[in-house]
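**Student:** Have a look at this one.
The values are calculated or read from the model by the stated rules, or taken from the named source; none is laboratory data. These numbers come from a predicted model, not from an experiment. Heads up, the Cβs are rebuilt from the backbone with ideal geometry, glycines too, and the neighbour counts pull from every protein chain shown. Note: accessible area is taken over every heavy atom of the protein model, side chains too, but ligands, DNA and RNA are not part of it. Shrake-Rupley method; radii C 1.70, N 1.55, O 1.52, S 1.80 Å.
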Protein chains: 4
Amino acid sequence: MGSFKGHILPGSFFLIMGFWWSTKSILKYVCKKQMRACHLDSKTLFHRMEILEGITLICMALTGIVGEQFISGGPYLILYKEGQWNQLTGWHHCTMYFFFGLVGVANILCFTISPLPVSLIKLILSNAFFVETFIFHNHTHGREMLDIFVHQMLVLVSFVTGLLAFMEFLMRNNVLLELLRTSLILLQGSWFWQIGFVLYPPSGGPAWDLNDHDNIMFLAICFCWHYALSYIIIGVDYAFVTWLVKTRLRKLCSSELGLLKNAEREHESEEEM
Amino acid sequence: MGSFKGHILPGSFFLIMGFWWSTKSILKYVCKKQMRACHLDSKTLFHRMEILEGITLICMALTGIVGEQFISGGPYLILYKEGQWNQLTGWHHCTMYFFFGLVGVANILCFTISPLPVSLIKLILSNAFFVETFIFHNHTHGREMLDIFVHQMLVLVSFVTGLLAFMEFLMRNNVLLELLRTSLILLQGSWFWQIGFVLYPPSGGPAWDLNDHDNIMFLAICFCWHYALSYIIIGVDYAFVTWLVKTRLRKLCSSELGLLKNAEREHESEEEM
Amino acid sequence: MGSFKGHILPGSFFLIMGFWWSTKSILKYVCKKQMRACHLDSKTLFHRMEILEGITLICMALTGIVGEQFISGGPYLILYKEGQWNQLTGWHHCTMYFFFGLVGVANILCFTISPLPVSLIKLILSNAFFVETFIFHNHTHGREMLDIFVHQMLVLVSFVTGLLAFMEFLMRNNVLLELLRTSLILLQGSWFWQIGFVLYPPSGGPAWDLNDHDNIMFLAICFCWHYALSYIIIGVDYAFVTWLVKTRLRKLCSSELGLLKNAEREHESEEEM
Amino acid sequence: MGSFKGHILPGSFFLIMGFWWSTKSILKYVCKKQMRACHLDSKTLFHRMEILEGITLICMALTGIVGEQFISGGPYLILYKEGQWNQLTGWHHCTMYFFFGLVGVANILCFTISPLPVSLIKLILSNAFFVETFIFHNHTHGREMLDIFVHQMLVLVSFVTGLLAFMEFLMRNNVLLELLRTSLILLQGSWFWQIGFVLYPPSGGPAWDLNDHDNIMFLAICFCWHYALSYIIIGVDYAFVTWLVKTRLRKLCSSELGLLKNAEREHESEEEM
């Protein structure tokens, strides 16, 4: 919805999922590196986590859809009323939530029905972002300059995220590609917050001048700073997870690890040259 | 042709071919998974099917071309008449049908002349979609807003389909990529129907207001819903084909399969992690 | 130059090179398939052909540059005259010819200096097409509608050709990709002829109306028909080269071939399934 | 900053780094080819060079940022002053320098902390170029035609450089791809110089007419000539480095090399066919 809360909600969803996905990618990568030394049985754990992730995504999508439809002044599931379309922007948002809900469904299906290929999740995720791109592109007709600009940034970031998810679908297990995608999801999340503060200042203070081009030039660099922030979040997350895994593993299998670690480190540095 | 029937015909062709191609892809994928257990001789069957597919495509293209040319008020194969071009939009449509007919020709050639690489079919298919994109892009000059919008959606979907067919040409045997392409072909088919109902309402009721921007915003989400529908069609198709193959195979080689299936399932789930 | 001859010349160059490259690709592909049976020493021959090709390309580029500069009314190597730029469109054309000349230089260098990778040729070729795209994009300022349209088609076709050459640079030895590129080079060649006939009708008849939108719609399908023509040229070329190679090889090593051919054919059809 | 020096500084940085990176790529490629014969211990050397490179990049970025902020008339770290944004173009430039500084940080991190994958550097580099593209795209609002055009060229070249760096991230060790990227970095460097001379002529002579379209047409070909120049720089560099490596290696291990070289050359020429 065109309100402060209506932008904070999806923003928070993207921030949570971006943070979670980046943590999961780092965890898998670090574990895989360390596990060579000490094989823990974590497959079942990851399976359950994926299904839980799917359920969370579906809940988020449902929250979004219900929020859009039944907020005071919302469309209340009525599409056509009194000879004209009823609150189409609300329906736009619902459609986007719906496609992100499908990602959750794909998540659950792929980890419960065995013959489905796991890369289906990435494909559906990529489609969800492309649908978001498409809808936001057709969303801002007749609005003011700054309003259009901040939504175009969403179009840009969701398009690139969709492309990256599609690339992950084609080539699996590239941790940097996954982290790049999650950095863009974090960017999108924080950008939703930024939009909320720009278009509907909650402090009750004076709104931004929507036709001042200087505001656009500021928001353009602001967008880059948000991106730098998402770098920092992922960097700190990486450092923390690496430290955590190393500490916990040392306790579990301290003797084995000690011997193998040095050999491994050399091996890796050779590989990466 | 600019008529209800002129949009229903290609729409139906796309729906039929999209459904057929998705069924074929799923069938091949499911068979390949099951065949490890029980080798049936299906190569000759698939060969014949491909040639039949080629003939069907050529018939469809011919039907389209003949329909465009010899409908009452059509160009009747006359390109230039009385100092000006004669019914160029009809010729546009014929050119598109012609390039889809070439896909049928490629289909037949590749499965009768052995030294031709099979990926040629995908290349010609991709070219047919790009030609469609190109022609629709130069097709709507001077029309009204909504008319341009619904055709731009066709440009978008045929461009993406062309890209996906080109990707299949480069990397073969990715079932999800094939299903993604067929889902877009289904989308295009149902969108042709939608265009028919929007621009030439068959019920004789009042036409849509072609300059109302709300209609564009509705059709934008409508496009996404069509896409969700094509997901559902393919999902149901997948479930049905899987069930069918499993049941029929069980009858044919019940003893063997029973032993091997459990081992296989474990093997697959490992692969896909 | 803005004249009939100035479009016929590059058009013929593209047609010749397109035909030559497609023949070379087909020859290499067919030979490679047949050579398994009967190893002829053709490496030196191919080497010489490449160097000859390079020399031809340089000669073409020089012809073009000299023609552009020293035609009556040309810039005569003067860039800045009497306080303004002198005949910049002529200089544009020269720059394009220059970059195609570089392809010839790369051809010669790669086959005389051994440590240079052969894929350099494809890279330079791709760059030449991108430079052409870039220059044509900045070439038609202030001209009339139809003039801009026919040059935009050149921009489109040279951009796609550049992309395809770049893809060949990344993945070598895909015969269909090479034929696709050469089909687009043939298209560009015949389109240059078309431009010549549209903008500077040699028959002295009345020129085309440059502001009639119907002409654009006709030229859009005309462009597709040119493309269909380049399909046919390559198809006939393929059939002819295959027939030639088979006949000549049969004479040279008839006994061996006869035995191996059947076995091979089966092997191939298996591979391509 | 909008001044002659403000364009010469980044231009020189790009020229230096472009030249250095191309030399490094050629050196690695030539060494790898020659090293088969004579294994020198150069790994530690390359490691130190990378860290030095990182420090240089950070210094350059800091110089740029300090220069932008504390030049007379600069923003002096004040973003918002007297009810309006303070010198946003200066802040734009600082943001770009910052992201290039991050490349230096990534360089140092990847060669000091072992578990980080080396391809991270390419990813961050690619991001830096995309950020540059994004900012320059939002940088020229309300300026004059020629000013916009020369900055659009920067947008184009930095976007393509970003794409190429991203491709290097995906597929490592393609020397031609690296050289292509460095050629574009050189192009960007020399184009910054060109912009300086066009927009702020240091000779004090009359400025260029910013609204004359002929100037755009000249600068379009000028851009291509700059690119041809970067070809020549890299070509000469390649010849020089190859000669240097061969001469030095001959001294170090003349006997071994003499025997192996001929065998190797034949082997390579076979590989590259």
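**Student:** In whole angstrom, how long is each semi-axis of the equivalent ellipsoid of the range A:138-207, when you take the square root of 5 times every eigenvalue of its Cα gyration tensor and sort them from largest down?
**Tutor:** 31, 15, 6
**Student:** Hey, if you put +1 on the Cβ of every Lys and Arg and -1 on every Asp and Glu Cβ in the protein assembly as shown, which of C:115, A:139, D:99 ends up farthest toward the positive end of that dipole?
**Tutor:** In the protein assembly as shown, that residue is C:115.
**Student:** How large is the accessible surface per residue of the range A:1-128, computed with a 1.4 Å probe and reported in Å² as a whole number? Each step should come with its number before you reach the end.
**Tutor:** Numbers: 5780 Å² over 128 residues.
For the range A:1-128, the per-residue accessible area is 45 Å².
**Student:** Could I ask something else about it? Place +1 on the Cβ of every Lys and Arg and -1 on the Cβ of every Asp and Glu in the range D:4-272, take the dipole about the Cα centre, and give the residue among D:153, D:199, D:58 whose Cα lies farthest towards its positive end.
**Tutor:** Farthest along the dipole direction, towards plus: D:58.
**Student:** Moving on. Please give the FRET efficiency for residue C:33 paired with residue B:228, using the beta carbon to beta carbon distance and R0 = 51 Å, rounded to the nearest 0.05. Before the final figure, lay out the partial values.
**Tutor:** Working: r = 46 Å, r/R0 = 0.91.
Once rounded, the FRET efficiency stands at 0.65.
**Student:** Compute the whole-percent fraction of alpha carbon pairs in the range D:40-144 spaced more than 21 Å apart.
**Tutor:** 47 percent
**Student:** Which distance in nm do the two modelled labels at residue D:47 and residue D:200 give, with both placed 7 Å along the Cα-to-Cβ direction?
**Tutor:** The answer from the label model is 4.3 nm.
**Student:** Hey, another quick one. From other protein chains only, count the Cβ atoms within 10 Å of every residue's Cβ in B:10-21, then give the mean.
**Tutor:** 0
**Student:** While we're looking at this one, here's another question. For the Cα atoms of chain A, what angle does the longest principal axis make with the long axis of helix A:213-252, in degrees from 0 to 90, nearest 10?
**Tutor:** That helix lies at roughly 30 degrees to the long axis.
**Student:** Something else: Semi-axes of the range C:4-272's equivalent ellipsoid from the Cα gyration tensor, sqrt of 5 times each eigenvalue, largest first, rounded to whole Å?
**Tutor:** One finds semi-axes of 39, 23, 15 Å for the range C:4-272.
**Student:** Label residue C:163 and residue D:247 with points 7 Å out from Cα along Cα→Cβ: what is the distance between them in nm?
**Tutor:** Taking the two extended label points, one gets 4.6 nm.
**Student:** Where does chain D land at 222 nm, in deg cm²/dmol rounded to the nearest 500, when only DSSP H runs of n ≥ 4 count, each adding -39500 (n - 2.57), divided by all residues?
**Tutor:** -28000 deg cm²/dmol
**Student:** Any idea what angle helix D:43-70 forms with the longest principal axis of chain D, computed on alpha-carbon atoms, 0 to 90 degrees, nearest 10?
**Tutor:** 10 degrees
**Student:** Please report how far the C-alpha centroid of the range B:111-148 lies from that of the range D:95-161, rounded to the nearest whole angstrom.
**Tutor:** 36 Å
**Student:** Can you compute the charge dipole magnitude of the range D:4-272 about its Cα centre, using +1 on each Lys and Arg Cβ and -1 on each Asp and Glu Cβ, nothing else charged? Give it in debye, rounded to the nearest 20.
**Tutor:** Values: 19 positive and 21 negative charges, 204 e Å.
Using only the charged Cβ atoms, the result is roughly 980 debye.
**Student:** Taking square-rooted eigenvalues a ≥ b ≥ c of the alpha carbon gyration tensor, is the range D:191-234 rounded, prolate or oblate, where a/c under 1.5 means rounded and, failing that, a/b exceeding b/c means prolate? Could you put the intermediate results ahead of the total?
**Tutor:** Numbers: a/c = 3.59, a/b = 1.54, b/c = 2.33.
Oblate shape, in that a/c is at least 1.5 and b/c is the bigger or equal ratio.
**Student:** While we're here: For the pair C and D, how large is the buried accessible area, both sides, in square angstrom to the nearest 100, if the probe is 1.4 Å?
**Tutor:** 2900 Å²
**Student:** Please give the net charge around residue A:230, taking every other residue with its beta carbon less than 15 angstrom from that of residue A:230, where Lys and Arg add +1 and Asp and Glu add -1.
**Tutor:** Computed value for this residue: -1.
**Student:** When Cβ neighbours within 10 Å are restricted to other protein chains, what is their mean count per residue of peptide B:174-181?
**Tutor:** For peptide B:174-181, the averaged partner shielding equals 3.
**Student:** Based on Cβ point charges of +1 for Lys and Arg and -1 for Asp and Glu, what charge dipole magnitude is obtained for the protein assembly as shown about its Cα centre, in debye rounded to the nearest 20?
**Tutor:** Dipole size: approximately 3400 debye.
**Student:** Of C:17, C:235, C:34, whose Cα points farthest to the positive end of the dipole of chain C (charges on the beta-carbon: +1 Lys, Arg; -1 Asp, Glu; origin at the Cα centre)?
**Tutor:** It is C:34.
**Student:** Can you work out the Karplus-derived ³J(HN,Hα) for every residue in the range B:80-89? Use 6.51 cos²θ - 1.76 cosθ + 1.60 with θ = phi - 60°, whole Hz, and x for glycine or proline.
**Tutor:** Once θ is set to phi - 60°, the couplings for the range B:80-89 become 10, 9, 6, x, 8, 5, 9, 6, 5, 4 Hz.
**Student:** Post the alpha-carbon centroid distance, the range B:173-212 to the range A:168-226, in whole angstrom.
**Tutor:** 34 Å
**Student:** Assuming a ≥ b ≥ c are the square roots of the Cα gyration tensor eigenvalues, decide whether the protein assembly as shown counts as rounded (a/c under 1.5), prolate (otherwise, with a/b larger than b/c) or oblate.
**Tutor:** Rounded.
**Student:** Helix D:145-170 against the longest principal axis of chain D: what's the angle in degrees, Cα atoms only, rounded to the nearest 10?
**Tutor:** 30 degrees
**Student:** Another question, then. Provide a whole-number value for the mean count of partner chain Cβ atoms within 10 Å of the Cβ atoms in peptide C:111-120.
**Tutor:** What the average comes to for C:111-120 is 5.
**Student:** Measure off, as a whole percent, the carbon and sulfur share of the 1.4 Å-probe accessible area of the range A:4-272, all protein chains present. All intermediate terms of the calculation are to be shown ahead of the outcome.
**Tutor:** Numbers: 8070 of 12110 Å².
That share works out to 67 percent.
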